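Okay, structure first, notes after.
The values are calculated or read from the model by the stated rules, or taken from the named source; none is laboratory data. This is a predicted model, so every value here is computed, not measured. Every residue, glycine as well, gets a Cβ built from its backbone with ideal geometry; the counts of neighbours run over all protein chains shown.
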Amino acid sequence: MLRLPALSRLAIAARSHPLKHASSRALYEYWNRLRAARAAPERGQLEPGAIRSILSDILMIEIGGPERFTVRLAGTRICSLMGRELKGRAFTDAFAPGDRPEMLRVLDEVAKTSTPMVGGLVGESADKRLLELELLLLPLRHRGRTEARMLGSLAALTFPYWATLTPLVCLRIASSRVIEAIEALALGKPGMPDPRLRAVGHLRVLPGGRA
């Protein structure tokens, strides 16, 4: 488990909101409107123009095949932060080797239970600079199956001068914080904890699964 005292102050300050980054909030609210009473919206319902302002932070992941979770779309800001194109690569390849099994468990949980997930990550450059990011993963139906696609966002919570100039060589899963339910945000009640939160490794999975 990675513990970073210098970064933890940011997590504590933002703990009152379940989603810290504006891109995460905008994507979740759009996804929630599309799905209505269902567990997840259909892939064909997505309209890029409706989320134009956050496309650079958006991920699309294909589930299945030899890589299990393959990036089919990665926004320009995500690729700039990582210093490489992520499309066509296994999503877990972006993570430090020791964190990949835990990330796989989280991806499996989202895919199998149609449950939204939000977590804190730390990106590390070759010269050991650190950048805190927020990852949001949302289930998505494709041709009637909820285990075929996944929609997400990956955004830096701060943007220092060196970001994109000094690429991140890997992502690590940060130590967990208390995350309040996204469902409370959807109801206009931020700040309300949900006792149904459950742990998957160091992350917290939020309710909102199969209807």
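Scanning the range 22-45 for residues that are assigned to a helix (DSSP H, G or I) and touching a Ser or Thr at 6+ places or on another chain (Cβ under 6 Å) returns SER23, SER24, LEU27. For the range 88-112, the candidate set comprises residues that are surrounded by fewer than 16 Cβ atoms within 10 Å (Cβ to Cβ) and under 22 Å from TRP31 (Cα atoms); within that set, the residue that is farthest from the chain's Cα centre (by Cα) is LYS112. Looking only at the range 60-84, how many residues end up being closer than 18 Å to TRP31 by Cα and in contact with a Lys or Arg (Cβ under 6 Å, 6 or more places away or on another chain)? Residues meeting the conditions: 3. Checking each residue in the range 128-141 for being within 14 Å of MET103 (Cα to Cα) and either surrounded by fewer than 20 Cβ atoms within 10 Å (Cβ to Cβ) or basic (Lys, Arg) (or both) picks out no residue at all.
For SER125, the stated conditions hold: it is over 17 Å from HIS142 (Cβ atoms), surrounded by fewer than 20 Cβ atoms within 10 Å (Cβ to Cβ), of a type in the set (Ser, Thr, Tyr) and out of contact with any helix residue (DSSP H, G or I) (no Cβ under 8 Å at 6 or more places or on another chain).
Every residue, every condition in (1) among the hydroxyl-bearing types (Ser, Thr, Tyr); (2) touching a Pro at 6+ places or on another chain (Cβ under 8 Å); (3) farther than 25 Å from ALA22 by Cα; (4) in contact (Cβ under 8 Å) with a residue 40 or more places away in the chain, yes or no:
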{"site": "ALA94", "(1), (2), (3), (4)": "no, no, no, yes"}
{"site": "VAL110", "(1), (2), (3), (4)": "no, yes, no, yes"}
{"site": "THR115", "(1), (2), (3), (4)": "yes, yes, no, yes"}
{"site": "ALA126", "(1), (2), (3), (4)": "no, yes, yes, yes"}
{"site": "LEU140", "(1), (2), (3), (4)": "no, yes, no, yes"}
{"site": "ALA148", "(1), (2), (3), (4)": "no, no, yes, yes"}
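Go through (1) within 25 Å of ALA174 (Cβ to Cβ); (2) surrounded by 15 or more Cβ atoms within 10 Å (Cβ to Cβ) and name the single condition ALA22 misses. Going through (1) within 25 Å of ALA174 (Cβ to Cβ); (2) surrounded by 15 or more Cβ atoms within 10 Å (Cβ to Cβ) one by one, ALA22 breaks only (2). One residue alone among LYS128, LYS189 is basic (Lys, Arg), at pLDDT below 80, farther than 21 Å from GLU42 by Cβ and over 18 Å from the mean Cα position of the chain (by Cα), and that residue is LYS189. Residue count for the range 35-50, restricted to those that are in contact with a helix residue (DSSP H, G or I) (Cβ under 7 Å, 6 or more places away or on another chain) and either under 15 Å from ALA155 (Cβ atoms) or buried (at least 20 other Cβ atoms within 10 Å of the Cβ) (or both): 1.
Residues in the range 28-49 that are in contact (Cβ under 8 Å) with a residue 24 or more places away in the chain and hydroxyl-bearing (Ser, Thr, Tyr): TYR28 alone.
Residue-level check: of (1) under 21 Å from CYS170 (Cβ atoms); (2) surrounded by fewer than 20 Cβ atoms within 10 Å (Cβ to Cβ); (3) at pLDDT 90 or above, SER53 misses just (1). Within the range 50-69, the set of residues being touching a residue at least 40 places away in the same chain (Cβ under 8 Å) and among the hydrophobic types (A, V, I, L, M, F, W, C) comprises ILE54, ILE58, LEU59, MET60, ILE61, ILE63, PHE69. Of all residues in the range 88-122, those satisfying the criterion of being over 19 Å from ARG141 (Cα atoms), out of contact with any helix residue (DSSP H, G or I) (no Cβ under 8 Å at 6 or more places or on another chain) and of a type in the set (Lys, Arg) are ARG89, ARG105.
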